[in-house]
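The values are calculated or read from the model by the stated rules, or taken from the named source; none is laboratory data. Since the model is a prediction, treat every value here as computed from it, not as a measurement. So basically every Cβ, Gly included, is an ideal-geometry build from the backbone, and we count neighbours across all protein chains shown.
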Amino acid sequence: MADVLSQDEIDKLLMDLSSGNLDVEDYQEDHTLKIKDYDFARPAKFSKEHLRTLEIIFEHFNRLVSTNLPAYLRKTVQLDVMSSEAQTYQEFSNALPNPVLLGIVNFNPLSGSIIVELGTNIGFAMIDRMLGGQGEALDKTRDFSEIEISIIERIYNIIVSQLIEPWANVVKLSPRLERIETNPQFAQIISPSEMIAIVTISVKMGDVESLMNVCLPFITLEDVMDKLNTKYWFSTMQSTDETSYDDVIEAAISKAPIPIKAVLGRSSISVMDFINIQKGDIIKIDKGVESPLDVYVGNIIKFKALPGTSGEKYAVKVSEVIRGEE
């Protein structure tokens, strides 16, 4: 809705028109039909909805990488999605420097692969950090040695493993790092004219900041393009989150070491008797021969058990579960 002019503004406008200080043509609306050219060599296979959904997926991916990668680098790492766009693979490939870090990732069960490009300066900084340095980038870019490639491959494997959970609402992935290329000419995974989606991520480790570009070819995502919309993504996320976190918590708890001990009984003796104790001496305890033993999980009594043997080892047989301590 256009702004309403006051009476003073109307009077001033009429005075300018009558004096010739105002050109009417400057205020005439342009009713010319605007036509946008369509490039048939670059069909719009990725819509804005597709690109927005990819940004949401990789925002989740960034949170996971920012949490897991510092455990290996012993330094905080911050990742933020900057932009997403669709272009041809040739445009992406021509913009790559040499040397470059390109991780070719098999996107199983989807057909084809994706490319994760990591800035060389942040790559050298991560290598320096893994080797005990402060995590500083090189002043002058050079080729990567075989040892450095092996070290950065470990970083890539951590990054690739974090792709599973963010994509779970679209497809159950089993991504695998196939190889790392430092020359863009050896990373021609698709035809140069094929359309790709590029998600640009800012990576910051300490004072070193660079970019990570994730190249997602259309032919790789073609089978799941219908699921790359925010409506589908959020609807499936709401139904799966309730159980997924339960599974994660249960898996984490199942790996936690918990001490379990069976107490035969208790007794009080003097320090002198304890010093002079010999093999074969008898100590009287407060339990009878047929009395059940107390079994502790941590510091909480959870079971009653009967003593016995299993093979050549001492053992106990649980006879009662105590529920009152839960």
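Considering only residues in region 309-320 that are out of contact with any Phe, Trp or Tyr (no Cβ under 6 Å at 6 or more places or on another chain) and surrounded by 10 or more Cβ atoms within 10 Å (Cβ to Cβ), the one that is nearest to ASP273 (Cα to Cα) turns out to be TYR314. The number of residues in region 104-140 that are exposed (fewer than 15 other Cβ atoms within 10 Å of the Cβ), within 23 Å of PRO175 (Cα to Cα) and in contact with a helix residue (DSSP H, G or I) (Cβ under 7 Å, 6 or more places away or on another chain) comes to 1. Evaluation of ASP143 against the conditions (1) more than 21 Å from the chain's Cα centre (by Cα); (2) surrounded by 21 or more Cβ atoms within 10 Å (Cβ to Cβ); (3) not small (Gly, Ala, Ser) shows that the sole unmet condition is (2).
Go over the candidates LEU101, LEU96, LEU79 one by one and state the one that is aliphatic (A, V, I, L, M) and either modelled with pLDDT under 90 or loosely packed, with under 14 Cβ neighbours inside 10 Å (or both).
Numbers: LEU101 fails: either modelled with pLDDT under 90 or loosely packed, with under 14 Cβ neighbours inside 10 Å (or both); LEU79 fails: either modelled with pLDDT under 90 or loosely packed, with under 14 Cβ neighbours inside 10 Å (or both).
Within the list LEU101, LEU96, LEU79, the selection yields LEU96.
Which one is nearest to the chain's Cα centre (by Cα), of the residues in region 61-76 that are surrounded by fewer than 20 Cβ atoms within 10 Å (Cβ to Cβ) and touching a residue at least 40 places away in the same chain (Cβ under 8 Å)? The extreme case among them is LEU64. Close contacts from region 208-227, counting a first residue that is charged (D, E, K, R) and a second that is assigned to a strand (DSSP E or B), with Cβ to Cβ under 8 Å and a gap of 6+ residues or different chains, come to GLU209/SER202; GLU209/VAL203.
Is it the case that some residue within region 115-132 is over 18 Å from the mean Cα position of the chain (by Cα), more than 30 Å from ARG52 (Cα to Cα) and not in a helix (DSSP H, G or I)? Among the residues of region 115-132, at least one is over 18 Å from the mean Cα position of the chain (by Cα), more than 30 Å from ARG52 (Cα to Cα) and not in a helix (DSSP H, G or I), which makes the answer yes. One residue stands out among those in region 250-300 that are over 58 Å from the mean Cα position of the chain (by Cα) and of a type in the set (Gly, Ala, Ser): the one that is surrounded by the fewest Cβ atoms within 10 Å (Cβ to Cβ), which is GLY280. Number of residues in region 150-200 that are in a loop (DSSP other than H, G, I, E, B) and free of Cβ contacts under 8 Å to residues at least 12 places away in the same chain: the value is 1. On the stretch given as region 146-170, residues that are surrounded by 15 or more Cβ atoms within 10 Å (Cβ to Cβ) and either among the aromatic types (Phe, Trp, Tyr) or over 24 Å from the mean Cα position of the chain (by Cα) (or both) total 2. Of note, LYS302 satisfies the criterion of being touching a strand residue (DSSP E or B) at 6+ places or on another chain (Cβ under 9 Å) and of a type in the set (D, E, K, R). What number of residues in region 104-134 are at pLDDT 90 or above and among the acidic types (Asp, Glu)? Qualifying residue count for the region: 1.
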